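Visitor: Structure incoming, see below.
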Amino acid sequence: QVQLAESGGGLVQPGGSLRLSCAASGIIASFNVMAWYRQAPGKQRELVAAVVDNGTTNYADSAKGRFTISRDNGKNTVALQMNSLKPEDTAVYFCKLTQRGRIYWGQGTQVTVSS
């Protein structure tokens, strides 16, 4: 059984920074993709950033230049460093793991950007 646990959400002012972390437990394959998605009220869940086990990354246009995704394969963790946050970044952020044709989601962590 694979489980994902996110942490690091909270309330931050516009222009501020937050760092989200996600720890995967259970049977974690060597080849996988870890990603961060977000879902704002009334909107569909969308990709923020993804990182493959070899370190290759992919970012949504809205995240480029402001967010950085990183992973520690030894610890099965993925982090999302978010800088220059905007009110439109407000959403529930979910960690996602894809391996061996299966998808796993964390429960999400709320990020609110407001003055």
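Visitor: Inside region 1-29, can you point out the residues that are more than 16 Å from residue 113 (Cβ to Cβ) and part of a loop (DSSP other than H, G, I, E, B)?
Guide: First, pick out the residues of region 1-29 that are more than 16 Å from residue 113 (Cβ to Cβ): 1-7, 21-29.
1, 2, 26, 27, 28, 29 - these are the residues of region 1-29 that are more than 16 Å from residue 113 (Cβ to Cβ) and part of a loop (DSSP other than H, G, I, E, B).
Visitor: Residue 50 passes all but one of (1) crowded, with 16+ Cβ neighbours inside 10 Å; (2) in contact with a helix residue (DSSP H, G or I) (Cβ under 7 Å, 6 or more places away or on another chain); which number fails?
Guide: (2)
Visitor: Could you pull out the residue among 68, 57, 77 that is open to solvent by 50 Å² or more (accessible area, probe 1.4 Å) and over 27 Å from residue 115 (Cβ atoms)? Step through it out loud before you land on a result.
Guide: Numbers: 68 fails: over 27 Å from residue 115 (Cβ atoms); 77 fails: open to solvent by 50 Å² or more (accessible area, probe 1.4 Å).
Of the residues listed, the single one that is open to solvent by 50 Å² or more (accessible area, probe 1.4 Å) and over 27 Å from residue 115 (Cβ atoms) is 57.
Let's see how each residue does on (1) closer than 19 Å to residue 15 by Cβ; (2) in a loop (DSSP other than H, G, I, E, B); (3) within 14 Å of the chain's Cα centre (by Cα); (4) not small (Gly, Ala, Ser):
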| residue | (1), (2), (3), (4) |
| --- | --- |
| 31 | no, yes, no, yes |
| 44 | no, yes, no, yes |
| 48 | yes, no, yes, yes |
| 51 | no, no, yes, yes |
| 61 | no, yes, no, yes |
| 92 | no, no, yes, yes |
| 103 | no, no, no, yes |
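Visitor: Find all pairs meeting these conditions: Cβ atoms under 6 angstrom apart; at least six residues apart or on different chains; first residue within region 1-25 and among the β-branched types (Val, Ile, Thr); second residue open to solvent by less than 40 Å² (accessible area, probe 1.4 Å) and modelled with pLDDT of 95 or more.
Guide: 12/18; 12/85; 12/113
Visitor: Output the residues belonging to region 25-47 that are at pLDDT below 95 and surrounded by 12 or more Cβ atoms within 10 Å (Cβ to Cβ).
Guide: Those that are at pLDDT below 95 and surrounded by 12 or more Cβ atoms within 10 Å (Cβ to Cβ): 28, 29, 32.
The values are calculated or read from the model by the stated rules, or taken from the named source; none is laboratory data. Note that the coordinates shown come from a computational prediction; the quantities given were computed from them, not determined experimentally. Glycine gets a Cβ as well: all are built from the backbone with ideal geometry, and neighbour counts include every protein chain shown. These area figures cover heavy atoms from the full protein model, side chains too; ligands, DNA and RNA do not enter into them. Shrake-Rupley method; radii C 1.70, N 1.55, O 1.52, S 1.80 Å.
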